[in-house]
Every structure is written in structure tokens, then in C-alpha cells.
Amino acid sequence: MIQNRKVIILLLLAFMTIVQSLNASAVEEDGRAWINLQANGSTSIDKLRWYVEVQPRLREELKERDQFFFRPAMYYAIASKTSVWLGYVYARTYTSSPVIESEHRYWQQLLHEFEPINGVRVRSMTRFEQRNFEGASDTGYKIRQRLTLNFPIENYPNLSTLLFDEYHLNLNETDYGARSGFDQNRLFAGMAWKASNQTLVEFGYLNQYVNRRNEDAMNHVLAATVYFSFN
């Protein structure tokens, strides 16, 4: 546990350093909220499961609708701790004008959990996306890489500390405004609570840094995710 605490402290210090260095630059900041509901369940095919996710987001200090995501998928366990995914996203973005932007996104994913390190669970998510916006002709290609650390809490088996970092990289420029290269980074610190064998709740703070053409953006996000698992 002492070693785990040292790791947590170092990660938190790194987190604070990153946030402070980003704050030193000229960025537009906003307070936001992301609510994520996810469910998965078995199918008639062994090791093949279905997945669905619904995620509304708020912006402008939680006063306005920002985005809405509907993300269904299927995934197959190729090993005990490794799965491959195939999915779709319908995304709506509510702009400051009456116009609503609609996006259709296809994605493939590799999810792998490593062997625990001193009790700490380590998980990697690599996702490849193909993004298509209504009214635009180009397809945008993006890679997302997330590394998640889950630290157990002594004497509280249903609680754990959760940290993750997710890096987004655009692979091409598009007519809808995407630029090749670094797109955004998401850094999360929070808690995970196993409410039951079928329900997991995660909540905490997410720092989203977005690379934009003019002034970059930093969003301070209250993030909550509820997972439901059906056998």
C-alpha cells in the first residue's frame, strides 16, 4: 500500500504540473458535465457481447446543451483479458446558432488489461475512428489511446481510485475543420464504486485540453459513468 500511495502522489503531482503549464498559455476555459450510461450483455455466441452507450454533455457552466452521443457496438473476447470491438456513433453537437451538427462515426477498438502491478490494475484502450459529418465530404481518421490505472483502497473492497489519460491524434485534415496531428487530451482523476455485481459507478474530475486553430480550450468536466452488465 505504501508503494501504491507513492505512485498516486507522483501521478497527482504530474497532473497538477500539466494543468498549471497549460493554464500558463492563453486558453478558453469552461465548466462542463458529462453523464455516461453504458450497458453490455451476452449473446447466443460464446465470448461475443453487445454494448450500448448514451452520453449527454453540458457546457457554459452546465447551462447549455453541448453534445449527445449514442454509441452501440459488439465486442469479442479473443483472450481472458483482451477484446476486439466494432462500433458506431451517432453524435449531435448543439452550436451557438440554431444549427445542429450531426456526425456518423465508425470505430474499431482493442481493449487489454495487463497483469496487476502491486495490486494496481492497468488497462489499455486503442481506438481507431472514421468520422463523417453531414454536409461535409471528407472522412476524418483519428486514433485515441487511453491508459487507465485502478488503485484498490485497503479495507474497502468495493471502492478504488481511478486515473486515466487519453490522447487523441488526427491522422488527416478535413473540410469540416479537423487538422492533422494532436487534437486533444483528457486526464481524469476520480473514484470507482462497485455498487453490485452488475453495476459499477465512476465519478470524478476530467481535464479536457483541446487544440484549436486560434485559442485553445480547457474544459473542467464533472464526469460520471454508470455501467450495467447483463449476463
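Ranking 97, 78, 225 by Cα position along the charge dipole of the chain, where only Lys, Arg, Asp and Glu carry charges on their C-beta atoms, puts 78 farthest toward the positive end. Excluding same-chain neighbours fewer than eight residues apart, the aspartates and glutamates reachable from residue 47 by a Cα-Cα span under 17 Å are 113. A full extension of the chain between residue 77 and residue 154 corresponds to an added length of 24.7 nm, given 0.36 nm per residue minus the alpha carbon distance. In this calculation the C-beta distance from residue 167 to residue 197 is compared with R0 = 35 Å, giving a FRET efficiency of 0.60.
Considering only DSSP beta bridges whose two residues both sit in region 60-110, what percent are antiparallel, to the nearest 5?
Working: 21 of 21 bridges.
Given both bridge residues lie in region 60-110, the antiparallel proportion sits at roughly 100 percent.
Which FRET efficiency, nearest 0.05, do residue 90 and residue 122 yield, Cβ-Cβ r, R0 22 Å?
Numbers: r = 32 Å, r/R0 = 1.43.
So the FRET efficiency works out to roughly 0.10.
Classified by the C-alpha gyration tensor, region 13-145 has an oblate form. Its axis ratio a/c, with a ≥ b ≥ c, is 1.5 or above, and a/b does not exceed b/c.
Charged side chains reduced to their Cβ positions (Lys and Arg at +1, Asp and Glu at -1) give the chain a dipole of some 680 debye around its Cα centre.
In the chain, helical runs assigned H by DSSP with n ≥ 4 each contribute -39500 (n - 2.57); averaged across all residues and rounded to the nearest 500, the mean residue ellipticity at 222 nm is -3500 deg cm²/dmol.
Over region 95-134, the alpha carbon radius of gyration divided by the compact-protein estimate 2.2 N^0.38 Å works out to 1.97. Pairs of Cα atoms nearer than 8 Å and 6+ residues apart set the relative contact order; for the chain it is 16 percent. With a simple spin-label model that places each label point 7 Å from the Cα along the Cα-to-Cβ direction, the separation between residue 182 and residue 45 comes to 4.0 nm. Take every pair of alpha-carbon atoms less than 8 Å apart whose residues are at least six positions apart; their mean separation over the length of region 106-231 yields a relative contact order of 15 percent.
Between 67, 38, 198, the Gaussian network model of the chain with springs among Cα atoms under 10 angstrom shows the greatest mean-square fluctuation at 198. Considering only 219, 150, 172, the mean-square fluctuation computed in a Gaussian network model of the chain, springs between alpha carbons under 10 angstrom, is largest for 172. Shape class for region 113-231: prolate, because the ratio a/c of the largest to smallest gyration tensor axis (alpha-carbon atoms, square roots of eigenvalues) is 1.5 or more and a/b beats b/c. If you take the beta carbon distance between residue 130 and residue 99 as r and set R0 to 22 Å, what does 1/(1 + (r/R0)^6) give as a FRET efficiency, to the nearest 0.05? Efficiency for this residue pair is about 0.45. Considering only 139, 95, 161, the mean-square fluctuation computed in a Gaussian network model of the chain, springs between alpha carbons under 10 angstrom, is largest for 95.
Using a ≥ b ≥ c from the Cα gyration tensor of the chain (square roots of the eigenvalues), is it rounded, prolate or oblate, where a/c under 1.5 gives rounded and otherwise the larger of a/b and b/c decides, a/b for prolate? Verdict is oblate for the chain.
Since every read-out is calculated from the coordinates, none of them should be taken as a lab result. Bear in mind the structure is a predicted one, so any value in this text is a computation, not a measurement. Cβ atoms come from the backbone with ideal geometry, glycine included; neighbour counts cover every protein chain shown.
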